[in-house]
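The structure appears below as structure tokens.
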Amino acid sequence: AVLVTAAARVAYLLSPVMQFNADEATTGIMVRRILAGHGYVFYAGQDYGGALEQYLEAAVYAVTRLPQNPLTLRLPLVALCCLTCQLVYRVGREVLGDLRRALVAAALYAVGPWFNVIGTVTSLGFYAAGQALGMVALWCALRADRGRWWLAGTGLAAGLGVWTAATALYLLIPVLVW
């Protein structure tokens, strides 16, 4: 399922329908400025949308020395989607108690819905990270009875998730109620 997640997103990124937009140009500029030592708390020019994805993208450039272009800007987002898929599987195992059902859940995440495939690998600032952090919080919350570190992990992931993307609340409110 993780490989299908990567393949679906890379196929989209390499397709002729993929276009680079102004929001992505902003994230690309943010990444270059982060590499030059400028710090951001939020998406440039906004008071929302934590800059976590841009720091991840900058770290990938700093470590790998990949050429800076639209495809390589989006590759860390593919990795975040693969992490999210793995977490969907793990949460599925915890909640459903069945390996096959958990794999079906992960496979469904891997290929759809289509807007999720598109939105999480278009470098719009914070959607992929918010989704991944929401899933980390959910997974940790399900394991909170196994020790305080899991509860602390829930809080840390939830806090980072809310800072990163307000849309993470769709997942985090049920987690916090849990």
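The values are calculated or read from the model by the stated rules, or taken from the named source; none is laboratory data. A quick note: this is a predicted structure, and the numbers were derived from the prediction, not measured. Every residue, glycine among them, receives a Cβ derived from its backbone with ideal geometry; neighbour counts consider all protein chains shown. Accessible surface areas use protein heavy atoms only, side chains included; no ligands, DNA or RNA. Shrake-Rupley method; radii C 1.70, N 1.55, O 1.52, S 1.80 Å.
Details
- Distance between the 7 Å Cα→Cβ label points at Asp145 and Ile118: 4.2 nm.
- The calculated FRET efficiency for Val41 paired with Leu96, based on their beta-carbon distance and R0 = 45 Å, is about 0.75.
- Taking label points 7 Å from Cα along the Cα-to-Cβ direction, Leu14 and Leu176 give a separation of 4.2 nm.
- Within a Gaussian network of the chain (alpha carbon springs, distance under 10 Å), most fluctuating of Gly37, Gly50, Gly155: Gly37
- Loop-located chymotrypsin sites (Phe, Trp or Tyr not before Pro) in the stretch 8-117 (DSSP state not H, G, I, E or B) with no more than 14 neighbouring Cβ atoms inside 10 Å: Tyr48.
- Taking only protein heavy atoms and a 1.4 Å probe, the accessible area of the chain is 68% carbon and sulfur.
- Principal-axis analysis of the Cα atoms of the chain puts helix 127-142 at an angle of about 20° to the longest axis.
- Value of relative contact order over the stretch 67-178, rounded to a whole percent, pairs C-alpha under 8 Å and six or more apart: 24
- Residue-span extension gain [Asn21 to Thr72] - 0.36 nm each, minus C-alpha spacing: 16.9 nm
- Alpha-carbon centroids, the stretch 138-173 and the stretch 6-78: separation in whole Å: 24
- Remark: the chain carries 53 Å² of accessible area per residue (probe radius 1.4 Å; ligands, DNA and RNA excluded).
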